[in-house]
Structures are given as structure tokens and as C-alpha cells.
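No value in this document is a laboratory result; all are computed from the given coordinates. Because the structure is predicted, anything quoted here is derived from the model rather than measured. Please note: Cβ atoms are built from the backbone with ideal geometry, for glycine as well, and neighbour counts cover all protein chains shown.
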Amino acid sequence: MKPKKEKINHDELFAWEAPTRPFKKRDRTFFQTVISLAFLLVVISLFLREWLLIGSILAIVFLSYVLAAVPPPVMSNKITTKGIWVGDTFFKFSEILQYWFEKQLENTVLVLLTQFGTEVNVVIPTDKKEEIDTVLRDRLVFREKPLKNFIEKIGDWLRKSVPLEETSHSQNTKHTS
């Protein structure tokens, strides 16, 4: 028997497999904090008789639980000479205005800004960031620091001001008696 020849795609410049979304395994503290905040908001909403708000709060708590507890599936991505494949979706280079890298939940994320105003987040292996950047620099505009609107600035401030779980520094520090 002849060995099968694998089909080589000459248009492919770089390929990798990664989760479909950023993911971080959460500890018990995170879930306790989310439930405590939700309980407080539900009690306040009960006094105000805001039934729709209570339903929305419970839906957000459920979504938070699912996104934090269930790891995302892995998909294949690749950069070709004509564009970028994100799973089964293809983005032509002519449709992508610019790109940058961000850290999200301890993952490195490639963010693509399309001409339609949408941002496409693609998780990349941290050790492959330089290689991906080198391939994309010749074809796309790189933005060092993305422009943030007012809502994103508020979200960043809230994330820093109201952490939902302990930082690794405070977990490692133990007081001995």
C-alpha cells in the first residue's frame, strides 16, 4: 500500500487550535460573590416590585454560572494569503480594518475590527503571539492600544474596583498564629 499524501494548503500562512472564547476556571469565591450580589439586588427589586428586573438578574446569574463553569470547545483557526478563518467563518483582509492583542481572563486574544464595526475575538496561544503578529503586520493595520468608548472605560473601572474573586496575592498570603 502506498502511504496517503496529505493535502497541503499553499495559501495557509499560520494555523492554530484554541478555545472558542476566553475561559478561566473560577473558584468558589467568585460564585459566592455573584450570588451575594444577585441576592442583594433581588431583595431591593422585591421591595420595588420590579418583577422584570428580578427575572433579568436571575438570567444574568445563570449566564455567569454557565460561562464560568463550562469550558468552551476548541476550534481551528488559520491565516491564509487571502484572509483569516475563525472556525468556519472567513474574513477577507479587505474586510478587516485593524487588529490588536488583549489579555482577557488570562488568555491572549487577537481582536479584529471589521469594516462593519464588529470586533471578532480570537483566542491565540500566548507563545505564538509574535508569529501571528509578524504574519498580520504585512497585511493589516496594527493598533497598539485600542480606542475605548465611555461604556468600556466604566467596565474596566468596575472590574478593577469591584473584584468578584480574590487576587492570587491575597490567596497566597496566610497569617500564622
Review point. How far apart, in nm, are two points set 7 Å out from the Cα along the Cα-to-Cβ line at Lys24 and at Lys153?
Key: 2.4 nm
Revision key, fill the gap. When the chain is treated as a Gaussian network with springs between alpha carbons less than 10 Å apart, the largest mean-square fluctuation among Ser45, Ser76, Ser161 is found at Ser161
Point to revise | Links that overshoot a 21 Å alpha carbon limit, given the list Lys129/Lys160; Lys103/Lys160; Lys78/Lys129; Lys82/Lys145 | key: Lys129/Lys160; Lys82/Lys145
Point to revise | Gaussian network model of the chain, springs between alpha carbon atoms under 10 Å - residue of Leu158, Leu110, Leu97 with greatest fluctuation | key: Leu158
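What 222 nm value per residue comes from the helices of the chain, counting each DSSP H run with n ≥ 4 as -39,500 (n - 2.57) and dividing by all residues, nearest 500 deg cm²/dmol?
Estimated from H runs of four or more residues: -12000 deg cm²/dmol.
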Point to revise | Difference of contour (0.36 nm per residue) and Cα-Cα distance, Leu48 to Thr118 | key: 21.5 nm
Review point. So for the pair Ala69, Leu37, with labels modelled 7 Å out along Cα→Cβ, what separation do we get in nm?
Key: 1.8 nm
Check your understanding: What is the chain's relative contact order, in percent, from Cα pairs under 8 angstrom and six or more apart in sequence?
Key -> 25 percent
Check your understanding: For helix 28-48, what angle does its Cα long axis make with the longest principal axis of the chain, in degrees from 0 to 90 and rounded to 10?
Key -> 60 degrees
Exercise for review: Under a 10 Å cutoff between Cα atoms, tell me which one of Trp100, Trp51, Trp85 has the largest fluctuation in the Gaussian network model of the chain.
Suggested key: Trp51
Practice item. Specify which labelled value, from [x] 23.0, 77; [y] 21.2, 77; [z] 14.7, 43, agrees with Rg and Dmax of the Cα atoms in Å derived from the coordinates of the model shown. Key: [y]
